[in-house]
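Taken together, the values in this text are just the output of simple stated rules run on the coordinates, not laboratory data. Computed from a prediction, not measured in an experiment: that's the story for all the values here.
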């Protein structure tokens, strides 16, 4: 039997302050022209960018959430510039958002920015309560049409 009262380990209605999705800075995303746009080999090249330094916050408690983010895409005419992508990812660090919403929000922002042929975003969340979660969202222009047709932002 432990000597600590049970109520010592409850949240006591505590919540850390956080920002909403409006704080996500998609305007900082920049692209550069892809020289091999329109070539057979250029249309099959895939760019994969991974970071394990991603953080956002739990929209319930405001406590930080940590994840590995993998962005894989086949560019069309533009490639994402990595410095601007880093700033974009950092803009999530004080945002309270569910991972299931985050992955779709990120997909829409990045597809709007670079208009790729295909893109998949995978967010592997660090364990919480012993549970690991991975959420994935994908875009494929051939089956989904141009970004203007499917994003909530248009």
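Here are some notes:
- The stretch between residue 36 and residue 23 holds 1.2 nm of extra length on full extension. This uses 0.36 nm per residue minus the Cα-Cα distance.
- Length available on full extension from residue 132 to residue 47: 0.36 nm per residue minus the Cα-Cα distance, which gives 28.0 nm.
- Between 0 and 90°, nearest 10: helix 99-114 axis offset from the chain longest Cα axis: 20 degrees
- Based on Cα contacts under 8 Å between residues 6+ apart, the chain shows a relative contact order of 24 percent.
- Structure-derived log10 I(q)/I(0) by the Debye sum over Cα atoms at q = 0.11, 0.12, 0.18, 0.20 Å⁻¹: which label, when the choices are (i) -0.49, -0.56, -1.09, -1.28; (ii) -0.50, -0.57, -1.02, -1.16; (iii) -0.58, -0.68, -1.15, -1.24: (i)
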